[in-house]
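So the structure is just underneath, and the comments pick up after that.
The values are calculated or read from the model by the stated rules, or taken from the named source; none is laboratory data. Here the structure is a predicted model, which means the values were calculated and not measured. Using ideal geometry, Cβ is built from the backbone for each residue, glycine included, and neighbour counts are taken over all protein chains shown.
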Amino acid sequence: MNNPRVSCAGLLVALLVVVVPNGCGKRGLPLAPLLVLPEPVTELLVRRFEDRSYIQLLVPLGNSDGSQPADLEHLEVYGLTTQPRDGDRPLSLDDWLDAATLVATISVRPSESNEVAAEPETAVDALVAPRADGSWAQGDVVVIVETLTPEIMVPVDLERDEDDEGDEADDERSAPALAPLVSPPIPQPPRRTYVVIGVSSRGRESSPSPRVAVVLVPSPDEPSRPMVTYTETAIDVSWIPPASVRLPVQQTSDDEVLETVANLEVLETVANLEVLETVANLEWPMPSRYEIYDVTPRSAATVSLAVETMPEALNESLLSNPSYPDERIEFGVERCYAVRLVDIVDSMEVRSPASGIKCVTPVDTFAPTAPTGVTVIADVGAINLVWNENPEPDVVGYVVLRGVATGETLQPLSADLVEETTYRDTMVQLGERYIYAVEAVDAAEPPNVSQASVPVVETAR
């Protein structure tokens, strides 16, 4: 199959070097300029979500010789669906590209200044919308989405040539049967592999990106709609795994298997030993994992960018347990969640459809802790109080309480909150015994008030 790739073949010009005898300091013929190619795409991430492949890449900033900006006109994204088999010959890049199809062409606009482009700190920092003409800048993060149609998911047989099919059939009819029969190589799950190549303004191609693949097997069942609760410090999300979840298998060591076999007389035959060897070499499927996603509706400003983004999970690594604490809690701010189950097939991740969505808007009903370390010191005509600052960041002030008899309900000394951790009570009578306590108040609406501190007693002087 031919594909519309831009040829990168260039002509190498051989230069004759003129040697001048006894000629010191004389110049020869000019040398050919070095071949400058765009640096290859190295940050390539591909993930499959249902019937869509998300291909995320970082547009290179420089050339293969380290110079900037990159001489890069466009990027070409290729895809190829295969079903590898044990014993297949490795394919060269040229053979692979000959069978691949062009998924997308990403136009890259020239650098607008002589300044060296800055490396983005994160993918989110570089995620911007393209220009009106559809071009992207060097250093941008670009996401291409390919819909996995039934035609795309049909593997290409790279080992079989159509012209040879008739010859192979004749050979099979004429060849004598051999015994014992050897089963053909077991095919691996079909996969779709992607590679990206940069093309310079002169049509020269960069080195290819790494080949990144997604496996084309049915998606696992999705988990249940998550359940959401929250505390003062986190939103706790949990869910019920589907019935088809892969549970961890407690594997028995080879030594334990051999010891068990040694105690069984029935396993003395060669056949049984072969079975034992087969069992010992079994590879158990990896247990299912999970990803949780923030699916809160985006703001109008974000939606207006109209930039396709790859779904990003909240968890940095796959979750083993069906629960997740989201510590980004903000009272009064809505959060919505969905969950996917992830199976590992042939060392590649296979994601389920997203679960149902559950939203929550946390409300601050959590009172601060009672103040501690309340101390009173009698002064002439006043009693001074001091206490420890509360650890809660949303505490906005304190209420100082006072009473004059044991068992009496303490009353606030001021209608206004005390913003410091000290208070001077000047409304005292000589010789009177006073009881004090302090409450903390947060910024919630309505405010939450802590329990009173441990009471302290002092007599006015």
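Which number in (1) surrounded by 14 or more Cβ atoms within 10 Å (Cβ to Cβ); (2) farther than 20 Å from A452 by Cβ; (3) in contact (Cβ under 8 Å) with a residue 24 or more places away in the chain marks the one condition that L314 misses?
For L314, the exception is condition (3).
Of all residues in the range 342-353, count the ones that are surrounded by fewer than 18 Cβ atoms within 10 Å (Cβ to Cβ) and either in a loop (DSSP other than H, G, I, E, B) or assigned by TED's automatic domain parsing to the domain that holds V212 (or both).
3
Name the single residue that is surrounded by the most Cβ atoms within 10 Å (Cβ to Cβ) among those in the range 426-461 being charged (D, E, K, R) and farther than 21 Å from N390 by Cα.
It comes out as E458.
Being closer than 19 Å to R191 by Cα, among the small types (G, A, S) and at pLDDT below 90 is the filter here, so list the residues in the range 88-119 that pass it.
Selection gives S92 alone.
Identify the single condition in (1) surrounded by fewer than 16 Cβ atoms within 10 Å (Cβ to Cβ); (2) in the same structural domain as S224 (by TED's automatic domain parsing); (3) in contact (Cβ under 8 Å) with a residue 40 or more places away in the chain that G381 does not satisfy, given that it satisfies every other one.
Against the list (1) surrounded by fewer than 16 Cβ atoms within 10 Å (Cβ to Cβ); (2) in the same structural domain as S224 (by TED's automatic domain parsing); (3) in contact (Cβ under 8 Å) with a residue 40 or more places away in the chain, G381 comes up short only on (2).
Looking for whichever is hydrophobic (A, V, I, L, M, F, W, C) and more than 16 Å from V457 (Cβ to Cβ) here; the options are A378, A405, A415. Which one fits?
A415
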